[in-house]
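Everything on this sheet refers to the single structure shown next.
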Amino acid sequence: MRIRRPALVLISVLAVAIGGLVSAGRGSAQQQPPADLLILNGRVYRGAGSTSFSDAVAVRGNAIAAVGSSADLSGLRGPKTVVLDAAGRAVVPGFNDVHTHLLNGGLEMENVNLQGAGTLTEVQSRIQTFAREHADRPWIRGRGWGYGAFPGDMPTKLQLDAVVPDRPAVMRCFDGHSIWVNSKALAAAGITRNTPNPSRGVIVRDPATGEPTGLLKETPAMDLVNRVIPPPTPAEQRRAIERASEEALRFGVTSITEAAGNPADFDVYDQMRRDGALKLRVYYSMLVNPGMTEAQADALDAVWKKHPDGDWLKTGLIKMFMDGVIETNTAFMLEPYVNVPTTGTPNYTPQEFSRMVRMLDRRGWQIMVHGLGDGAVREVLDGFADVAKANPLPTRGRRHRVEHIETINPADIPRFGGLGVIASMHPGGAFTPPPSATPRPGGRGGGIGGVWAGNIGPERAARGGMWKSIRDAGGHVVFGSDWPVASLDAFSRITSIANRTPRPGGTDQRLSFPQAIDGYTSEAAYASFDETRKGTLAPGKLADIVVLGSDIFSEPPTTREAAAVYATIVDGKIAYKKN
């Protein structure tokens, strides 16, 4: 077939332009403007399954100008070019954590930290020390306790009264789905033996007396106390976001999804965007609850319309909760728990869930749903299947998500690929060297032992963390931390995905390092409709880049130091560099 000459000319011009950008070959580099940043002598993984490696990246402004060899790209060095010698280290796209609670996590950084406290004595000691050092605080707050630290796996108000008797105290569980309060906090909230359980929430009571024990399960019950706690000011919220962002950058995280936000808090982020103060790229979700009306959806539409997509901040994402967590028997299961005769109760009936998903999908919103138990996962997939039949395809496509998926029925694994639903999964963040001699905890702090596995039994515990099975069946799989539930440490989490030994009775779910990195980069960009502007190292993409502590592709790291982040580049500028 003969091609007309104008087309040939156009193709030739494009080929020359693209070739110069991609390779910046010898002789052509000198003809281009100098780079603002050069990363040289690295082991560059471009992402998205690329099988070839380069060793240099050139950045101009906030975008990648070229990826190639250090010899070729050195010609782009000018008098003001910043040069970063990677010294053989791996260079990868910036990590995109698809599920965080950045603002709340930043606020919690100023409270008592109970993570890792393994005994009641240690928990009480940390709280007592913090209360003594913060005598001016009217409320003592903290988070991070685990059930295994307490006799009977459940904390009581008397244990907290013993260390904070003089003012209200509230300690949030590591999973964020329960709070432990003292007698002063119960009194401040007006919670007594006569207070009924709110819908979808539980006030745990002494079986003999009916008195509240000091443990409140799920948001409706926790809100009985939370609503009387003085709210943070916008200045405090801004400081929390800044502090949390610094923590993220230390771990190479350059983009996050804020899971479960609201229009008022979104305004804080937007003011920071206008001030040029955001240090991370933020995809912001709006939390909705059962019973949402068309009028309420109209109000969210107005927020989205007022804030069009930008490189630093955007919305267009809805968050819903289908169930709770396995540790408190509030996750919705297909079969009863081992320890109690209940399956847990979903937050939505199938009819109500389908109604709301149809309403929001019709308006173009992407929907992410907390679906932790195997029953919740199935109900969410059923709802997404229903909306695909009922509604026309939205203009930008349909990329709905299920969050957590801590256990799944095998029949539901291929449905992710078949429905085009994204599996958003959050394995433990502990560094896992190869080969892992013993199974490591997985999921959101529960792992294969303790309360988590004890509540559901070994068969369902073996079905946790099925990211490889979902991926092999054609599903998109993305990874995140659920911070502050677990650390923002992205690459340590990647090692746990690449090196985790099979769970007893389970299948091998290990991914290669490139596959696991893709779940944190190119696939994560797809999950937020951003694959054309970030997630890979390619000319024209936003210059969000991470330099790791070693060449993990040639020699998988055996120490935490080798897996640490050496430098983080955001928008073409070095935002973090290890001393």
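Does T100 meet the test of being farther than 30 Å from V565 by Cα and not small (G, A, S)? No; evaluated as a whole, the condition is false for this residue. Can you list the strands (runs of 3 or more DSSP E) found entirely within segment 53-156 that contain at least 1 residues being closer than 20 Å to A240 by Cα? In segment 53-156, the matching strands (runs of 3 or more DSSP E) lie at 95-100, 140-145. Pairs meeting the criteria (first residue in segment 521-533 and in contact (Cβ under 8 Å) with a residue 40 or more places away in the chain, second residue assigned to a helix (DSSP H, G or I), beta carbons under 7 Å, at least 6 apart or on different chains) are lacking.
Do we have G142 as under 23 Å from L372 (Cα atoms) and touching a Lys or Arg at 6+ places or on another chain (Cβ under 8 Å) here? When the stated conditions are applied, G142 does not pass them.
Return the residue satisfying two criteria in turn: it lies in segment 157-189 and is among the small types (G, A, S) and part of a strand (DSSP E or B), and of such residues it is modelled with the lowest pLDDT.
Among them, the one singled out is S178.
Within segment 44-85, the set of residues being among the β-branched types (V, I, T) and over 18 Å from A575 (Cα atoms) comprises V44, T51, V67. Is there a residue being surrounded by 15 or more Cβ atoms within 10 Å (Cβ to Cβ) and hydroxyl-bearing (S, T, Y) anywhere in segment 292-310? There is no residue in segment 292-310 that is surrounded by 15 or more Cβ atoms within 10 Å (Cβ to Cβ) and hydroxyl-bearing (S, T, Y). Filtering segment 181-227 to residues that are crowded, with 16+ Cβ neighbours inside 10 Å and of a type in the set (V, I, T) leaves V181, I191, V202, I203, V204, T213, T219, V225. For segment 534-564, a residue qualifies if it is under 25 Å from G276 (Cα atoms) and under 20 Å from the mean Cα position of the chain (by Cα), and the qualifying residues are K534, G535, T536, D544, I545, V546. Screening Q115 on (1) modelled with pLDDT under 95; (2) crowded, with 19+ Cβ neighbours inside 10 Å shows it passes everything except condition (2). Only one of the numbered conditions (1) of a type in the set (G, A, S); (2) assigned by TED's automatic domain parsing to the domain that holds A149; (3) surrounded by 19 or more Cβ atoms within 10 Å (Cβ to Cβ) is not met by A58, and that is (2). Of all residues in segment 102-140, those satisfying the criterion of being in contact with a Phe, Trp or Tyr (Cβ under 9 Å, 6 or more places away or on another chain) and under 15 Å from K157 (Cα atoms) are L120, V123, I140. Considering segment 511-579, the qualifying strands (runs of 3 or more DSSP E), each wholly inside and each with 2 or more residues that are more than 25 Å from A473 (Cα to Cα), touching a Gly at 6+ places or on another chain (Cβ under 8 Å) and among the hydroxyl-bearing types (S, T, Y), run over 565-570. Taking segment 213-263 as the range and being under 15 Å from the mean Cα position of the chain (by Cα) and either without any contact (Cβ under 8 Å) to a residue 24 or more places away in the chain or closer than 27 Å to R89 by Cα (or both) as the test, the residues that pass are A244, S245, E247, A248, L249, F251, G252, V253, T254, S255, I256.
The values are calculated or read from the model by the stated rules, or taken from the named source; none is laboratory data. Here the structure is a predicted model, which means the values were calculated and not measured. Ideal geometry is used to build each Cβ from the backbone, glycine not excepted, and the neighbour counts take in all protein chains shown.
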